[in-house]
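Enquirer: Have a look at the structure that comes next, please.
The values are calculated or read from the model by the stated rules, or taken from the named source; none is laboratory data. Predicted model, so just to flag it, every value in this text is computed and none were measured. Glycine also receives a Cβ, built like all others from the backbone with ideal geometry; neighbour counts cover every protein chain displayed.
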């Protein structure tokens with residue numbers, strides 16, 4: 001499968017000073033629906049259960065764009081700093097944080113905990129994250145990949161294992177199979193011994209991005225029924241994909257990059273007895289040990305994610321490509 005390999009290293013030059021400067025750069029949204037602009041802000045204070053991280057890499061995700069559009073269930077007070085996830089080094093910890101868990105200078109990734117929605121996110125040089133949202137980065141995993149892999153891996157794990165309950169003997173179907181979440185769903189299923197896996201792709205040019213052993217299917221090709229459908233794209237084609245789920249099967253609904261509205265026949269759906277399972281990662285916590293295990297799988301090469309590095313000055317253009325589904329991997333920018 002295709003992957004952009006990034007080699008950042010963990011050189012001492014990446015280590016932040018023990019005492020951070022008084023101000024930092026931050027990309028902030030001042031009006032919903034418009035690109036962010038760069039501001040100078042004071043370094044945020046650290047609460048008792050918080051960790052201050054000097055970011056090295058920050059992710060631009062579909063979740064960030066949804067919140068920044070102003071139509072999400074959570075509407076931050078403007079102006080605000082987006083950013084669900086990123087990676088960097090620990091600068092300071094709160095009084096209630098175990099110093100043995102987060103030593104100053106330790107490489108970590110941050111994800112969740114309200115970042116980029118109910119609290120300032122990772123589109124800044126420094127971020128204050130709750131301890132539960134900070135995970136050590138294992139050796140061998142560079143900052144760009146560590147920033148990019150967390151939310152998509154957590155989502156894939158939840159779709160396959162926690163919500164989807166996929167068994168090794170079952171057949172799995174994935175829409176948007178060449179995307180980050182879709183690819184990781186297929187990879188994790190393969191790691192769990194699932195042999196029968198099918199992935200829908202938009203075009204023949206995306207087939208080479210699929211993990212080995214996956215049956216590639218174009219949009220309109222017939223496919224043998226699947227026990228579990230993981231839909232990462234939504235939109236008008238979702239109803240057609242539901243027809244590929246065997247009677248009594250289930251469908252985990254992950255994303256809506258192809259459209260936020262779907263129309264299907266309720267009588268047909270009810271007759272097929274297909275369970276629709278929306279995946280809400282804001283309400284679903286991935287256990288710390290699972291998050292650490294997933295990071296270890298990226299570090300040792302068992303899991304892969306495509307990364308596209310962009311310059312901070314090109315954020316508006318990168319947002320456009322992410323919205324049009326033409327980005328070549330998870331979009332990451334460096335500080």
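Enquirer: Out of 236, 267, 247, report the one residue that is exposed (fewer than 15 other Cβ atoms within 10 Å of the Cβ), outside the structural domain of residue 82 (by TED's automatic domain parsing) and in contact with a helix residue (DSSP H, G or I) (Cβ under 9 Å, 6 or more places away or on another chain).
Expert: From the options 236, 267, 247, the qualifying one is 247.
Okay, residues lined up against (1) over 18 Å from residue 152 (Cβ atoms); (2) in a helix (DSSP H, G or I); (3) without any contact (Cβ under 8 Å) to a residue 60 or more places away in the chain:
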site	(1), (2), (3)
59	no, no, no
63	no, yes, no
67	no, yes, yes
75	yes, no, yes
82	no, no, yes
86	no, no, no
91	yes, no, no
95	yes, no, yes
105	yes, no, no
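Enquirer: With the condition being under 16 Å from the mean Cα position of the chain (by Cα) and outside the structural domain of residue 309 (by TED's automatic domain parsing), I'd like the strands (runs of 3 or more DSSP E) fully within the range 149-233 carrying at least 1 qualifying residues.
Expert: 226-231
Yes/no matrix, rows are residues, columns are (1) surrounded by fewer than 24 Cβ atoms within 10 Å (Cβ to Cβ); (2) more than 24 Å from residue 203 (Cα to Cα); (3) at pLDDT below 95:
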{"site": "136", "(1), (2), (3)": "yes, yes, yes"}
{"site": "139", "(1), (2), (3)": "yes, yes, yes"}
{"site": "142", "(1), (2), (3)": "yes, yes, yes"}
{"site": "147", "(1), (2), (3)": "no, yes, no"}
{"site": "151", "(1), (2), (3)": "yes, yes, yes"}
{"site": "156", "(1), (2), (3)": "no, no, no"}
{"site": "167", "(1), (2), (3)": "yes, yes, no"}
{"site": "172", "(1), (2), (3)": "no, no, no"}
{"site": "176", "(1), (2), (3)": "no, no, yes"}
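Enquirer: Counting only residues that are modelled with pLDDT of 85 or more and assigned to a loop (DSSP other than H, G, I, E, B), which one in the range 308-335 is nearest to residue 202 (Cα to Cα)?
Expert: By that ranking, first place goes to 329.
Enquirer: Check 302, 284 and return the single one that is modelled with pLDDT of 90 or more, in a loop (DSSP other than H, G, I, E, B) and either touching a strand residue (DSSP E or B) at 6+ places or on another chain (Cβ under 6 Å) or surrounded by fewer than 17 Cβ atoms within 10 Å (Cβ to Cβ) (or both).
Expert: 302
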